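The values are calculated or read from the model by the stated rules, or taken from the named source; none is laboratory data. Model, not experiment: these values are computed from the prediction. Counting neighbours? That spans all protein chains shown, and the Cβs are built from the backbone with ideal geometry, glycine included. Note: areas computed on protein heavy atoms with side chains; ligands, DNA, RNA excluded. Shrake-Rupley method; radii C 1.70, N 1.55, O 1.52, S 1.80 Å.
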Amino acid sequence: MTNSKLDIALATRADVPGILDLQERNLRTRGGALSVPFSREWFEGAISDMPIIVAHRDGRLVGYLVSCPMAAQAHVPIIQAMLRVYPGAPGAYNYGPICVAESERGRGVAGAMFHDLRTRLPGREGIAFIRRDNPMSVKVHTKMGMREVAEFSHADAAYVVVAYSG
């Protein structure tokens, strides 16, 4: 594989098909780690609410990182469970999901998208959950500067809540 340049940018509506494709390939129901699928309409609306960061290599979408107001996902039962154990600071936002193509893992894509998001949302707290049985994700997020702040269970799975200040 060539070591071509990674391009990090704000998502546009043109990125939504690539985001949906990457999401589909990484859902838990297909052996991946993503717990909650979002629709085309949800992504199209979310792009106008808060930054969604995308990574492209050679014109191909290879990663995305969502940020959204807590209210945008407050109806999702797993988010409700997370907020019961850690509601966050005033103005906190939901960080995630983050998804990186399998071919790009370990190449700094997650860190690059995270750095870009933090510069766009300075001083605000981002909160996310990670399945406890996904130690690689916990390790990556800790390495990026997030701290474990709480734990919860949902649908017979254990989760850790991580948070950071932009």
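Each residue in the stretch 84-121 was checked for being surrounded by 15 or more Cβ atoms within 10 Å (Cβ to Cβ), farther than 17 Å from SER165 by Cβ and among the charged types (D, E, K, R), and 2 pass.
Do any residues in the stretch 10-35 that are within 18 Å of ILE47 (Cβ to Cβ) have Cβ atoms under 6 Å from those of residues that are β-branched (Val, Ile, Thr), where the two are at least six apart or on different chains, and which pairs are they? Close Cβ pairs (under 6 Å, with a partner that is β-branched (Val, Ile, Thr)) amount to ALA11/ILE47; ALA11/ILE52; ALA11/VAL54; ASP15/VAL54.
List the number of the failed condition for GLY166; all other conditions in (1) at pLDDT 90 or above; (2) touching a Pro at 6+ places or on another chain (Cβ under 9 Å); (3) among the small types (Gly, Ala, Ser) hold. (1) is the only condition that GLY166 fails. Would you call ARG84 touching a strand residue (DSSP E or B) at 6+ places or on another chain (Cβ under 8 Å) and either over 22 Å from VAL140 (Cβ atoms) or not hydroxyl-bearing (Ser, Thr, Tyr) (or both)? Taking the combined requirement at face value, the residue satisfies it.
For (1) under 19 Å from ARG25 (Cα atoms); (2) surrounded by fewer than 19 Cβ atoms within 10 Å (Cβ to Cβ); (3) in contact (Cβ under 8 Å) with a residue 24 or more places away in the chain, each residue gets a yes or a no:
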position	(1), (2), (3)
MET50	no, yes, yes
ILE53	yes, no, yes
GLY63	yes, no, yes
MET70	no, yes, yes
MET82	no, no, yes
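Taking each residue of the stretch 106-130 that is within 12 Å of GLY63 (Cβ to Cβ) and looking for partners that are open to solvent by 70 Å² or more (accessible area, probe 1.4 Å) and among the polar types (S, T, N, Q) with beta-carbon atoms closer than 9 Å, six or more apart or interchain, yields ARG107/ASN3. Summed over the stretch 133-166, residues that are under 16 Å from the mean Cα position of the chain (by Cα), surrounded by 14 or more Cβ atoms within 10 Å (Cβ to Cβ) and either of a type in the set (Gly, Ala, Ser) or outside any strand (DSSP E or B) (or both) total 11.
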